[in-house]
Amino acid sequence: MQVNQQQINNWKQQYPLLEDVLSLRPVFWQNPKQTSMDNVPPMAVSLEDMEQAELLWQRFAPFLAKEFEDAEPSDGIIESPLREITEMKKALNAHYHTNIQGNLYLKCDNELPIAGSIKARGGVYEVLYLAEQLAIKAGLISKEENYEMFSKPAFRQFFSNYSIGVGSTGNLGLSIGIIGARLGFQTSVYMSSDAKQWKKDLLRQKGAIVYECEGDFSKAITLGRERTQADPNAYFVDDEKSKQLFLGYSVAAFRLKQQLEEKQVAVDADHPLFVYLPCGVGGAPGGITFGLKQVFGDAVHCFFVEPTHSPAVLIGLLTGEKEKVSVQDFGIDNRTEADGLAVGRPSSFASSISEKLVSGVYTLEDGELFKLLVMLSDSEGISVEPSATAGLKGPGEVLGSDYIANHGLNEEMITHIVWATGGNLVPREDMERFYAKGMEILNDQLKY
């Protein structure tokens, strides 16, 4: 849609918070359209779809364990640890003068096998889904056979007749490029200008073709979609519209439920679960939110977090226009150090679902990402990339609002989970640079 100044002024009057969003001030927005799971209308995905996705992961586990050294210890199951971060909770309370009382955990998707980020869930899953469809159709395998067969040269030769394309700010491209090339697909990744150089270099090293695009994520995904769809033997992984990406992320809910049970953490109406998810185009946090809602119902409250310069999902949900508007339509530059979150327009598929499920969205400035990175490293010895720290400010943001009171909750009974979305593959020198920048920001603040 064409957005003009009059339309923006109308939205400002209707949604006063938009003034702060457009002024790049950090905000916390509570979603008025969030619906009880008893009243949620039928959606484009279901619990049965999630269960089928989990079965696909299990079928491919022997292949993943054989092909990827970091997936071998888990027998090919792509999953991350859930770690309690009590020292970080103390650091957050001290630095931000908050009082987080419930337990605080980190969901360490920065440690996920294959891609070292949350995108190993969605990106790897969609490529495996495609590979299975093609192999079954060609009569190469059936679902009852051992999928370790996908490692055979005959399969790689077969997949070399097909190509895969994806547009990415970085981590999705890594997951698609790594698994696609390993299976034998001709894999092309269209990277936005804000993608980190080391991610481009690693993709080329793994056998993917990298196209560097002028412009942001929207430009990269548009170019990738056009070029890929021009080839009849090509498949485009569409981060703005993909059901399979969404389902790949959603399966995390089954795994998290098991992890919480193992730690004897109750999740019910009296023991709510608050989950904080860094958000780019919205597919990963949307898929995980959908999955968690299927598993825990109204006992789970999910919050997305975006940079102040890239509030794509917030603006889309706040105005109700979702993918029809971009941050650039409102004069926001979409420039952020959080490359995985540098997205100007939200996913149409994910937004239509998240609109009814997400509890709220908050934004934060880039400097906070680097501060949180230092605090996490110093308190817990855990290193993540800047965008993966975004959820750490979530408990304080929510507890500092009237959300708890509005929902009649006891904050002492809340379990908080921050989703760490990436970091394991970041080169040491880059991580040292991130840390140094965070220390500089912290020291500058101490001067005043």
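The values are calculated or read from the model by the stated rules, or taken from the named source; none is laboratory data. On a predicted model such as this, the values are computed, not experimentally measured, just so you know. Here the Cβ positions follow ideal geometry from the backbone for every residue, glycine too, while neighbour counts run over all protein chains shown. We work out accessible area using only protein heavy atoms, side chains counted, and drop any ligands, DNA or RNA first. Shrake-Rupley method; radii C 1.70, N 1.55, O 1.52, S 1.80 Å.
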Tell me, please, whether a residue that is within 30 Å of E148 (Cβ to Cβ) and open to solvent by less than 50 Å² (accessible area, probe 1.4 Å) can be found in region 81-103.
yes
All-but-one check, L256 against (1) open to solvent by less than 30 Å² (accessible area, probe 1.4 Å); (2) at pLDDT below 95, failing number (2)
Mind checking which residues of region 1-46 are surrounded by fewer than 14 Cβ atoms within 10 Å (Cβ to Cβ) and not in a loop (DSSP other than H, G, I, E, B)?
Q5, Q6, N9, N10, Q13, Q14, E19
How many residues does region 414-444 contain that are part of a helix (DSSP H, G or I), surrounded by 14 or more Cβ atoms within 10 Å (Cβ to Cβ) and aliphatic (A, V, I, L, M)?
4
Counted residues, region 152-176 - those being farther than 16 Å from F217 by Cβ and touching a residue at least 24 places away in the same chain (Cβ under 8 Å)
10
Filtering region 304-335 for residues that are open to solvent by less than 20 Å² (accessible area, probe 1.4 Å) and part of a loop (DSSP other than H, G, I, E, B) leaves a count of 7
Would you be able to say whether some residue in region 285-295 is surrounded by fewer than 24 Cβ atoms within 10 Å (Cβ to Cβ) and of a type in the set (G, A, S)?
no
Collect the residues in region 165-187 that are within 18 Å of N233 (Cβ to Cβ) and open to solvent by 20 Å² or more (accessible area, probe 1.4 Å), keeping them in residue-number order.
Q186
First in region 323-338 and without any contact (Cβ under 8 Å) to a residue 40 or more places away in the chain, second anywhere and surrounded by fewer than 19 Cβ atoms within 10 Å (Cβ to Cβ) and charged (D, E, K, R), Cβ under 9 Å, 6 or more apart:
V327/D333
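When region 115-143 is examined, which residues are found to be over 18 Å from A53 (Cβ atoms) and over 13 Å from the mean Cα position of the chain (by Cα)?
Selection gives K137, A138, G139, L140, I141, S142.
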Would you check which residues across region 358-376 are out of contact with any helix residue (DSSP H, G or I) (no Cβ under 6 Å at 6 or more places or on another chain) and of a type in the set (G, A, S) and list them?
S359, G360
For region 224-253, give me each residue that is open to solvent by 50 Å² or more (accessible area, probe 1.4 Å) and farther than 22 Å from E79 by Cβ.
E226, R227, Q229, A230, D231, P232, N233, Y235, K241
I'm checking my understanding of the structure. Among residues of region 131-151 that are touching a residue at least 60 places away in the same chain (Cβ under 8 Å) and buried (at least 19 other Cβ atoms within 10 Å of the Cβ), which one is farthest from A195 (Cα to Cα)?
Y147
Kindly list, by first and then second residue, each pair from a residue in region 69-93 that is closer than 22 Å to V418 by Cα to a residue that is open to solvent by less than 40 Å² (accessible area, probe 1.4 Å) and part of a loop (DSSP other than H, G, I, E, B), limited to pairs with Cβ atoms under 7 Å and residues at least 6 apart or on different chains.
I78/L112; I78/P113; I78/I114; S80/L112; K89/I100; L92/I100; N93/I100
Since P42 meets every condition but one in (1) touching a residue at least 40 places away in the same chain (Cβ under 8 Å); (2) over 17 Å from F254 (Cβ atoms), which condition does it not meet?
(1)
Among the residues of region 378-416, count how many are under 21 Å from V300 (Cβ atoms) and of a type in the set (G, A, S).
9
Has region 312-319 got any residue that is out of contact with any strand residue (DSSP E or B) (no Cβ under 9 Å at 6 or more places or on another chain), closer than 14 Å to L277 by Cβ and of a type in the set (S, T, Y)?
no
What is the number of the single condition among (1) in contact with a Phe, Trp or Tyr (Cβ under 9 Å, 6 or more places away or on another chain); (2) part of a strand (DSSP E or B); (3) open to solvent by 10 Å² or more (accessible area, probe 1.4 Å) that Y276 does not meet?
(3)
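Considering region 47-61 alone, what residues qualify as being more than 16 Å from V127 (Cα to Cα) and either open to solvent by less than 50 Å² (accessible area, probe 1.4 Å) or aliphatic (A, V, I, L, M) (or both)? Before the answer, list the steps.
First, the residues of region 47-61 that are more than 16 Å from V127 (Cα to Cα): 47-51.
Answer for region 47-61, where residues must be more than 16 Å from V127 (Cα to Cα) and either open to solvent by less than 50 Å² (accessible area, probe 1.4 Å) or aliphatic (A, V, I, L, M) (or both): L47, D49, M50.
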Just checking: which of the strands (runs of 3 or more DSSP E) contained wholly in region 154-253 hold 1 or more residues that are closer than 14 Å to Y125 by Cβ?
163-168, 234-237
May I ask you to list pairs of residues, at least six apart or on different chains, whose Cβ atoms are under 6 Å apart, with the first in region 414-426 being touching a residue at least 60 places away in the same chain (Cβ under 8 Å) and over 20 Å from W198 (Cα atoms) and the second being surrounded by 24 or more Cβ atoms within 10 Å (Cβ to Cβ) and among the aromatic types (F, W, Y)?
I414/F274; H416/F274; I417/Y105; V418/Y276
